[in-house]
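The values are calculated or read from the model by the stated rules, or taken from the named source; none is laboratory data. This structure is a prediction, so every number in the text was calculated from the model and none was measured. Glycine also receives a Cβ, built like all others from the backbone with ideal geometry; neighbour counts cover every protein chain displayed.
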Amino acid sequence: EAGVTQFPSHSVIEKGQTVTLRCDPISGHDNLYWYRRVMGKEIKFLLHFVKESKQDESGMPNNRFLAERTGGTYSTLKVQPAELEDSGVYFCASNRRLLDEQYFGPGTRLTVT
Amino acid sequence: AQSVTQLDSQVPVFEEAPVELRCNYSSSVSVYLFWYVQYPNQGLQLLLKYLSGSTLVKGINGFEAEFNKSQTSFHLRKPSVHISDTAEYFCAVSGGNTGFQKLVFGTGTRLLVSP
């Protein structure tokens, strides 16, 4: 079984540009989560999808961030326009049921210059 | 809001020595507790979890953790570390007033094992 995959592994963009991160969860996992780790701080929850619906987006920092999960499969996280403080590692995780282990992808390292 | 404290940002240790990575959490209600490990250039991997039952939890790679409700702690231990244990370790909690769908992480502890 393939694990959670994320693309790209690393992105370097200039302030004001747009970036789209992609996450492919494990097949059959209805729950998909986005987390972010900024500058060596704690990993923080961003949002949670159940299939294509946003179940909890309480961790989204502001309206420059837009997450989608069309069709309930892969998810994208768009940052527009990017700011310097958006730099960090963005992790995606998935599980089949809420109380199951969350399986994490390798993360996307975003650098905004 | 729940929080997790990992007081040690970095723990250096010699190979074959024992190690303890400390984790304290704040919650007045029942929670689930987790330790994740991140090896270089890899994603987070679950080491072990406490949901209920025995307070001593055994995980992969010889790690174990003990849930202490009175001290709100969930310290991770290994009696003898290997070079390959060099990684960053994250303590996390779910449940309580933030719900079971999101994990609240500590800031991580880098374990550096040297020969």
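Restricting attention to the stretch A:55-75 and to residues that are among the small types (G, A, S) and under 15 Å from A:S94 (Cβ atoms), the residue that is surrounded by the most Cβ atoms within 10 Å (Cβ to Cβ) turns out to be A:S75. Of all the listed residues (B:S27, B:S73, B:S54), the sole one being out of contact with any strand residue (DSSP E or B) (no Cβ under 8 Å at 6 or more places or on another chain), more than 19 Å from A:S94 (Cα to Cα) and not charged (D, E, K, R) is B:S54. Note on the stretch B:76-115: among residues that are more than 14 Å from the chain's Cα centre (by Cα) and aliphatic (A, V, I, L, M), the one that is surrounded by the fewest Cβ atoms within 10 Å (Cβ to Cβ) is B:I83. Only residues that are touching a helix residue (DSSP H, G or I) at 6+ places or on another chain (Cβ under 7 Å) and either at pLDDT below 95 or within 11 Å of another protein chain (Cβ to nearest Cβ) (or both) were counted across the stretch B:1-29, and they come to 4. Restricting the stretch A:37-54 to residues that are surrounded by 14 or more Cβ atoms within 10 Å (Cβ to Cβ) and under 18 Å from B:S3 (Cα atoms) leaves a set whose member that is farthest from the other protein chains (Cβ to nearest Cβ) is A:V38. Scanning the stretch A:1-38 for residues that are assigned to a loop (DSSP other than H, G, I, E, B), touching a strand residue (DSSP E or B) at 6+ places or on another chain (Cβ under 9 Å) and of a type in the set (D, E, K, R) gives A:E14, A:K15, A:D30. Summed over the stretch A:84-113, residues that are buried (at least 17 other Cβ atoms within 10 Å of the Cβ), in contact (Cβ under 8 Å) with a residue 60 or more places away in the chain and either in contact with a Ser or Thr (Cβ under 8 Å, 6 or more places away or on another chain) or within 11 Å of another protein chain (Cβ to nearest Cβ) (or both) total 14. If the condition is being facing another protein chain (nearest Cβ under 9 Å) and of a type in the set (S, T, N, Q), then the stretch A:55-81 contributes A:Q55, A:S58.
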